[in-house]
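What follows is a short report on a single structure.
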Amino acid sequence: MMKTHRRNQLLLIAVLILGAGATLALVMQALTENINLFYSPAQVVAGEAPVNQRIRAGGMVVEGSVQRAVDSLQVNFLIGDLRSAQFPVVFEGILPDLFREGQGVIAGGNLNESGVLIADEILAKHDENYMPPEVLQMMASEQEKNLP
Amino acid sequence: MIIELGHFALILALAMSCCLAVLPAIGVHMEKAVLMRTGGSLAAGMFVFTLISFICLALAFIGDDFSVAYVARNSNSLLPVYYKLSAVWGAHEGSFLLWCLVMSSWTLAVALFSQQLTDDMRARVLAVLGSVSIGFYLFLIFTSNPFDRTLPFFPSEGTDLNPLLQDFGLIVHPPLLYIGYVGLSVPFAFAIASLSSGKLDAAWARWSRPWTNAAWAFLTMGITLGSWWAYYELGWGGWWFWDAVENASFMPWLIATALIHSLAATEKRGVFRSWTVLLAISAFSFSLLGAFLVRSGVLTSVHAFAVDPERGVFILWYLVIVIGGSLLLYGIRAGKMGVSVGFGWLSRESFILANNLILTVSAITVLLGTIYPLIYEWFSSGQKISVGPPYFNMVFVPLMLPLIVLMALSSGSRWRRTTTEVLLAKQPLRLLLSGVVCLIFCLLTSTWNLWFLAVSFISIWLIVNLLADVRFRLGKRGFAGLLKQTPSYYGMWLGHIGIALSALGIVTTVIMSEEIDLLMSPGDKTQIAGYDLTFEGVERVMGPNYSADRGIFEISRQDRVIEMLYPEKRLYSPSQNVMTEADISVSFWRDVYVALGEPIGNQAWSVRVHVKPLVRWIWLGGILVAIGGFTTILDKRYRRLKIARQQQFRSDTPVQASLA
């Protein structure tokens, strides 16, 4: 009787360790596979962002850069920072309501070899005064750099 | 004047909370019954002043008092009056006032409905609730005062409430969610009170069970409604995004779910005592952590509250004090609870243990995914990242499947000891039955996806087991036997059925939904999932504070018209905000969801069409789970105690009379 009790305890501990290990492995793998690094326009232009790997990049939609296709849902536009760095984005689908020229956005997708971000998601926030923290900080640090 | 009155009432409520934190506690320390009993009236005072303050803010909204900064930012004279009222909690400051109102309501409820507690215990519980409230009031008054004025130069017109919030969802979702969130402070208070008194017997579990179940049911309701709201309002047909703020409500829910199960084991069998206390502390800590993540702006989220670093720092300190303090107390006292009650390695206790293990681990994985961007940024000195929904799906789904399996197996389990024969004897038949049902389901829909097969199979198996259990409990008595069962049993049963229905809804929607974004000109037809959709054109309509392009769509199936849909693209005039208002053809088996994108020119529009089978089941399941939670409160067991206490009271009366 005692023996089965002991055996069960051992079994329980083994199951626990296995379960914890499996969960940990799963979490680690899921984390490494599913994080999207964030890049600023300057970094994208400088070639610091990896090609053909899912990233997020954010900045302002450059005024006058939004072009729509006539026969499909394709939209082309530029994302830029407060200075001159800007990169082209292609998106096929419906843009969020608050997507506007001159507003902050985050685009998620893959950069191709010619430096175009093929986006599959565009995030514009549901508050006109809201700026994604990433974009806000990026611009703040750039303004600091601009100071003499 | 009204505004100053509201502000003043808020300060008085803070004073009340300070007294509530101190006086009953002193009473306990000095063993003075008079001081201990101040708790009730102080709780009432705190509630009344918070209510006055809340009403004052509501009056400012109704009266369009734009000299109040918060009103000016979140209202407009054109706003319909019911949205003016709900705009009270439409942004940070007012929603936190609602939070405080809910907190004081729970405190008052505890004071009113805890007659069965000893004076000593009641005083301790109320003192803890009072201390927790102090932090909330300080936060409200010093960092987020909704009564701040913009005098002397105030705007003649308000900026308007965010159009997304001008919806029925805002009226019901935040209050229910907050009732749940803040309600978790009650089991927390019970746990801390028991720790401080050193009396961690099964009684504290019985006291806190109805409260915990109620808070948890409200939280379930709030999350379910939030998901439904996001689905129809955000305009892209998603019902869960693993957004930081959703996670902030989901983590306390997971821990609270573990807590209600572990409380049941503690009450019935006296097991897991210290673990249950730890869960009660964690559940409330997670709800505070949620408040921090939502209101400090450290994470990117669709729920954008105005960001102010000062607020983040305040809540962080509050978190450190509350969590640190309670864990310290736990560390000192928990070791002295060493009562070990044994249980068989196959028993209801062990099922609950496994349930707790899985729920806690899944809450931690969600937490990790939510705050990983912060951790990563810290260690990589500034590199920003985001964690995508695939992480959560990849980790969370494999954790939930065994949970459903456990639910199915445990329906026949007994406390203390269950034999393998009892548990497994009838399973082959039930497995076969569920397999057949599942196969028919797959054949009818001709879906052969492994995930779909696995999830629907075990969900159906869970339903079969629950139905079989009811039949077993009926015995030969028929409906008479049905009435014999306790509300606790029905609550459990409804809750588990709800989970099964939700799981079926989720897996079907995820695997079998069809979605297209396309360009449509008036007269264009498209086919999706066996439905024909005709775009008949766009008309102009005017709302109270917006103008809209309203699309006219006809859905038909095999040349029979099913429904006309009118999705809108609205332009809210005060704020010049554009908003998508989708229109949905709703049914028990499927939704057809149509949203207008943008005008592309030549009267053509981009259109989003989704057909989502069983999507309603997700929320139907959630509502059943919540109803289950409420049902358990009806259990006579909690009231029987009260009667016993009253009898005991009667014998005490002469002594008390002489004391008075």
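The values are calculated or read from the model by the stated rules, or taken from the named source; none is laboratory data. Every value quoted in this text rests on a predicted model; they were computed, and no experiment measured them. Please note: Cβ atoms are built from the backbone with ideal geometry, for glycine as well, and neighbour counts cover all protein chains shown. To get the accessible areas, we keep the full protein, side chains included, count just its heavy atoms, and leave off ligands, DNA and RNA. Shrake-Rupley method; radii C 1.70, N 1.55, O 1.52, S 1.80 Å.
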Of the residues A:94, A:110, A:79, the Cα lying farthest along the dipole of segment A:71-129 towards its positive end, which is defined by charges on the beta carbon of Lys, Arg, Asp and Glu, belongs to A:79
Per the rule of 0.36 nm per residue minus the C-alpha distance, extending residue B:328 to residue B:447 adds in nm 37.5 nm
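Suppose every Lys and Arg Cβ carries +1 and every Asp and Glu Cβ carries -1, with no other charges. What dipole size does chain B come out with about its Cα centre, to the nearest 20 debye?
Working: 47 positive and 40 negative charges, 779 e Å.
With only Lys, Arg, Asp and Glu charged at Cβ, the dipole is about 3740 debye.
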Over segment B:426-484, with every protein chain in place, what whole percent of the accessible area is carbon and sulfur at 1.4 Å, could you tell me? 77
Here FRET efficiency (C-beta to C-beta, residue B:558 to residue B:4, R₀ 56 Å, nearest 0.05) is 0.25
At a Förster radius of 51 Å, what calculated FRET efficiency corresponds to the Cβ-Cβ distance of residue B:521 and residue B:393, to the nearest 0.05? 0.85
Backbone N under 14 Å from the residue B:118 label point (7 Å along Cα→Cβ), restricted to segment B:151-193: B:193
Spin-label pair residue A:71/residue A:113, simplified geometry with 7 Å Cα→Cβ offset, distance in nm: 2.8
Given 20 °C, 1.002 mPa s and a Kirkwood radius over Cα pairs, the Stokes-Einstein diffusion coefficient of the protein assembly as shown in µm²/s is 74
Could you tell me what fraction of 2.2 N^0.38 Å the Cα radius of gyration of chain B comes to, as a two-decimal ratio? 1.04
Rh by Kirkwood over Cα pairs, then Stokes-Einstein D for segment A:1-57 at 0.890 mPa s and 25 °C, µm²/s: 163
Residues of segment A:66-110 losing 40 Å² or more of accessible area relative to the isolated chain, 1.4 Å probe, heavy atoms only? A:68, A:73, A:94, A:97, A:100
By accessible area of protein heavy atoms, probe 1.4 Å, what ranking do B:438, B:18 get, highest first? B:18, B:438
Taking +1 at the Cβ of each Lys and Arg and -1 at the Cβ of each Asp and Glu, which of B:573, B:472, B:259 sits farthest along the dipole of chain B towards its positive end, judged by Cα position relative to the Cα centre? B:472
To the nearest 0.05, how large is the calculated FRET efficiency for residue B:310 and residue A:29 if R₀ is 30 Å and r is the Cβ-Cβ distance? 0.15
Express the accessible area of chain B per residue in Å², computed with a 1.4 Å probe while the remaining protein chains stay in the model. 41
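Chains B and A: what accessible area do they bury, summed, in square angstrom to the nearest 100, with a 1.4 Å probe?
Interface area, both chains combined: 3600 Å², rounded to the nearest 100.
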With the dipole of the protein assembly as shown defined by +1 on each Lys or Arg Cβ and -1 on each Asp or Glu Cβ, the option from B:602, B:21, B:615 whose Cα lies farthest towards the positive pole is B:21
Cα to Cα, under 18 Å, and not fewer than 8 places away if on the same chain: which aspartates and glutamates meet these conditions relative to residue B:32? B:119, B:120, B:652
Stokes-Einstein diffusion coefficient for segment B:514-615 at 4 °C in a medium of 1.567 mPa s, Rh from the Kirkwood formula over Cα pairs: what value in µm²/s? 93
Note on segment B:497-561: alpha-carbon gyration tensor, axes a ≥ b ≥ c; rule is a/c under 1.5 for rounded, else prolate if a/b larger than b/c, else oblate; result oblate
Point-to-point label distance, residue B:603-residue B:375, nm (Cα→Cβ direction, 7 Å offset): 5.7
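When 1/r is averaged over all different Cα pairs and the result inverted, which Kirkwood radius in Å belongs to segment B:594-642?
When all Cα pairs of segment B:594-642 are included, the Kirkwood radius is 15.2 Å.
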Report the extension gain between residue B:454 and residue B:473 in nm, rounded to one decimal, defined as 0.36 nm multiplied by the number of residues separating them, less their alpha carbon distance. 4.0 nm
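Keeping every protein chain in place, order B:451, B:211, B:415 by accessible area at 1.4 Å, biggest value first, i.e. largest first.
Values: B:451 130, B:211 35, B:415 70 Å².
So, going from the largest accessible area down, we get B:451, B:415, B:211.
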Exceeding 24 Å between C-alpha atoms, which entries from my cross-link table qualify? They are B:525/B:569; B:484/B:636; B:426/B:636. B:426/B:636
If each DSSP helix of 4+ residues adds -39,500 (n - 2.57) and the sum is divided by the residues in the protein assembly as shown, what number results at 222 nm, nearest 500 deg cm²/dmol? -20500 deg cm²/dmol
Compute accessible area for segment A:20-35 by itself and then with all protein chains, 1.4 Å probe, and report residues whose area falls by 30 Å² or more. A:23, A:26, A:27, A:30, A:31, A:34, A:35
Run the simple label-point estimate for residue A:84 and residue A:52 please: 7 Å along Cα→C-beta, distance reported in nm. 3.2
